[in-house]
Structure formats: structure tokens, C-alpha cells
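What follows is a single structure, written as C-alpha cells, with notes after it.
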């Protein structure tokens, strides 16, 4: 009876785990955002995996590892690009035991191709739903939505510009499209066009050096610049909400 009673108490805790997601728009990673990532990944008890598959280089991953170390993370591992069958089994177990997963920048198509190749989508989604801290920068941010901007601009033409959408990891709410390096690289037209064309219900535009930290459906801006939220009104006009540092938004 005691076991059944304890289990009954535990089920609500499992069911209502708060999802935690950090989206960094590329460029410099805000110190406060990286510190909070470590804290939300259990701080000195953390086990953080850095996945660098968006780039062939490990330089960015090594810098991120150093940042996490400086902010108090206990155990940090960089996952190699090539995995044998035995390595993949070990990686699956590491993901199950991890308290945080961070995706580096580069090419989001390469990153998603590797995630699909190693059949990790469901495992990562399950960890996210269980409350594991997950984040990324640049390409590591782009993969968080489904559909995902593929960055190759080869699928369709909107307002004279070619825009490509493909399958992403889908940790953001359905029909949310995220874009990064937004203001710096002048990507207003492509995301606005997708929302007006009905390809997504909400566009989340994260500028460089800035981030959006999302708890469940509540998001907060961390960094020096802005995050823009695009939606379409009932009259089919574009609505834009500008989120400044420390602004809060509800999805």
C-alpha cells in the first residue's frame, strides 16, 4: 500500500514537469543566459551534452564547454560527429542520463540530418517533455521549430525571395517558426512572408547576441537587443510585437 501511495504522489510531478528551452540567435552568447542554462540543468550536479553536428569544427563546442565549466557545470561532454553502433548505444544512455543538451551553430540541415540518421528525435523530445534543459545557438536554435527554416532558400518564392522549410526538431509549440541572426542579417521579409502566407501561426525572430528563455509557454528575453514575435491578424495583416531585454511573452 505504501508503494502505491508514493507512486500516486509521484505521478503528478512527472506529468507536470516544466519544459525548459533556450534559444540564442547566434553571435556572442549572453553570459546571463548561459549561466541560467547551467543552473536549470542542475548546476553543480549537471551532466550537459554539447552536440556540435551543425559544424565540422569542434572549436565552437570547446568554447561553449569552457563557458559552462566557468559557470559551475559539473560534467560536460562534447559528442563526436562519427558514432559506431556501440557509440550510439552509449550516446542514447548519455541522453537519458543528461540534465542538459546544447546544440552549437553551423548548418541546421547538417544538424538535423545527423539527428535523424542516429534516430534521436523521439528520445530528445521525451527528455524535453520530462523537463531536461535544452538549448542551442544559431543553427542550434533553428532546429527547435517544426517547420524549420532550412537556410538554403530553395523551396518556394515569397515576396521575391526564396524561402525553404523542412522538418525540424519541433520543441517549440506547433506552427511556430523560429529564425536567428535576425536583425543583423536583415531577415524580416522571409519570416514575415511565411506568417502572412500561412506557413506558420507565429514567427519568433531572435537577434544575434540575444536569447529567449522559455519555461513551458512563458518566454523571457535575455541579452542586449530584441526578439520579434510575428502573428497574422483576423484581417490578414502582419502583427509584430517587439520584446526588449527582460520582456516576457506568453505563447
Handout entry: Within the stretch 69-80, tally of residues that are part of a loop (DSSP other than H, G, I, E, B) and either in contact (Cβ under 8 Å) with a residue 24 or more places away in the chain or over 22 Å from residue 107 (Cβ atoms) (or both)
Key = 5
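What number of residues in the stretch 97-148 are closer than 19 Å to residue 62 by Cβ and assigned to a helix (DSSP H, G or I)? Talk me through it step by step, then tell me what you get.
Initial filter on the stretch 97-148 (closer than 19 Å to residue 62 by Cβ): 98, 100-107, 110-111, 114, 135-140.
The next check asks that each one be assigned to a helix (DSSP H, G or I); those that pass are 110-111, 114, 139-140.
Looking only at that region, the number is 5.
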Fill in the blank from the handout: In the stretch 210-251, anything modelled with pLDDT under 95, closer than 18 Å to residue 29 by Cβ and either buried (at least 22 other Cβ atoms within 10 Å of the Cβ) or out of contact with any strand residue (DSSP E or B) (no Cβ under 7 Å at 6 or more places or on another chain) (or both) is listed as 225
Problem - Residue within the stretch 96-111 that is free of Cβ contacts under 8 Å to residues at least 40 places away in the same chain and surrounded by fewer than 22 Cβ atoms within 10 Å (Cβ to Cβ) present - result: yes
Practice task
Would you point out which residue out of 83, 66, 88 is touching a residue at least 12 places away in the same chain (Cβ under 8 Å), over 18 Å from the mean Cα position of the chain (by Cα) and either in a loop (DSSP other than H, G, I, E, B) or loosely packed, with under 13 Cβ neighbours inside 10 Å (or both)?
Solution key: 83
Completion exercise
Note on residue 195: of the conditions (1) at pLDDT 90 or above; (2) in contact with a helix residue (DSSP H, G or I) (Cβ under 8 Å, 6 or more places away or on another chain), unmet is (2)
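The values are calculated or read from the model by the stated rules, or taken from the named source; none is laboratory data. Remember, predicted model here, so these are calculated numbers, not experimental data. Every residue, glycine as well, gets a Cβ built from its backbone with ideal geometry; the counts of neighbours run over all protein chains shown.
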